1. Once you place label points 7 Å from the Cα toward the Cβ at K312 and E266, how far apart are they in nm?
2. For E248, E84, what's the largest-to-smallest order of accessible area, 1.4 Å probe?
3. What trypsin sites (Lys or Arg not before Pro) in the range 139-184 are in a loop by DSSP, with at most 12 other Cβ atoms within 10 Å of the Cβ?
4. Could you tell me what percent of the accessible area of the chain is made up of carbon and sulfur, with a 1.4 Å probe and every protein chain present?
5. Where does each of Y174, Y124 land when they are ordered by accessible area, with a 1.4 Å probe and the largest first?
6. Any idea what angle helix 155-168 forms with the longest principal axis of the chain, computed on alpha-carbon atoms, 0 to 90 degrees, nearest 10?
7. What residues qualify as long-range amide H neighbours of V281, i.e. H under 5 Å apart, gap of 5 or more or another chain, H built at 1.01 Å from N?
8. Quick one: grab the alpha carbon gyration tensor of the chain, order the square roots of its eigenvalues as a ≥ b ≥ c, and give me rounded if a/c is under 1.5, else prolate or oblate depending on whether a/b is larger than b/c.
Amino acid sequence: MKPKALVYSKLPEEVLEYVREHCETSSFDAPDNTPGSPFTEALKDAEGLLGAGLKVDAAFLDRAPQLKIVSNISVGYDNLIIPEISRRGIMATNTPGVLNDTVADTIFGLLVATARRMPELDRYVRNGQWKDSRDDVQFGLDVHHKTLGIIGLGGIGEKIVQRARFGFDMDIIYHNRSRNPKLEEQYGAVYRTLDELLVEADFVCLMTPLTPETRGMIGEREFKLMKKSAIFINGSRGATVDEEALIEALHSGTIWAAGLDVYVQEPLPDNHPLLSLDNAVLLPHIGSATRETRLEMAWTAARNLVAGLEGKTPPNLIQA
């Protein structure tokens, strides 16, 4: 008898067929956690869970007594309460590595677009305001030969550093839980304390995972340490930043601009203050959103799921 899997995110058809070949599968494009819903009923017998973003905590696990593995279609897993999952003997997996280059492309593109005010100037042209190319209202800031300060130097962070150093001749300073001698030698990266980095960097790029230690790590105090010409980029998670402090820093000119791909509340509500700020470039959390990468992420998550349900150690097992 095939193990029972519950798929709660939309998958490419070929990946869904692979899961169906190995599992008795219930699939939903979006989960409905209300009591008595088809999703909740399927959860009672599910041995495997595959999808992205669903919060898996003690209350959720109480409704899934047969669960053996949770396969996240994401490199981040702040939606998974790992200590509780591990305590119950359930495996958890993610999809690291496959999205590093794609996310780095997005984040560096966001950095350049923010510095050169590309979205704002696109609107400038479309609104018929372009009358004189020499008008300093169009001026942005250079990226090349500036200093990039990156907070969180994991796989994605390393790819961002690579683009900055070899593509734009930037100086690299970084802050991380531990030093990275290999990257220091390879890219000339220099370790700094967080405060030192904030003071020195022209571009502050936040790429940490969301943990109790990183929640709200950039707030009013940190923005006031940055240069007035600094550009802040967040490609980590929205909750790593005090969003009200960021809005005030942008509005008051404490920093020059920000480029964001993540927010405390997603999607952003229609009346969110960030939407009215021309010096904020906003993306809809699309760091890994290319057809090729999302397909590979889905395949990786599906193979993790099947391996776990077949009694094997999944390739991307998250260690508690």
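The values are calculated or read from the model by the stated rules, or taken from the named source; none is laboratory data. Just so it is clear, the model here is predicted, and its values are computed rather than measured. Here the Cβ is made from the backbone with ideal geometry for all residues, glycine too, and neighbour counts use every protein chain on show. These area figures cover heavy atoms from the full protein model, side chains too; ligands, DNA and RNA do not enter into them. Shrake-Rupley method; radii C 1.70, N 1.55, O 1.52, S 1.80 Å.
1. Taking the simple label geometry, K312 and E266 are separated by 3.0 nm.
2. Values: E248 105, E84 35 Å².
So, going from the largest accessible area down, we get E248, E84.
3. Details: sites: K146, K159, R163, R165, R177, R179, K182; in loops: K146, R177, R179.
Here the trypsin sites (Lys or Arg not before Pro) that fit, given the DSSP loop and packing criteria, are R177, R179.
4. On the way: 8020 of 15900 Å².
With neighbouring chains kept in place, the figure for the chain is 50 percent.
5. On the way: Y174 0, Y124 30 Å².
Descending accessible area places them as Y124, Y174.
6. 30
7. So V281 has HN proximity to A258, G259, L260.
8. Values: a/c = 2.12, a/b = 1.80, b/c = 1.18.
Cα axes put the chain in the prolate bin.
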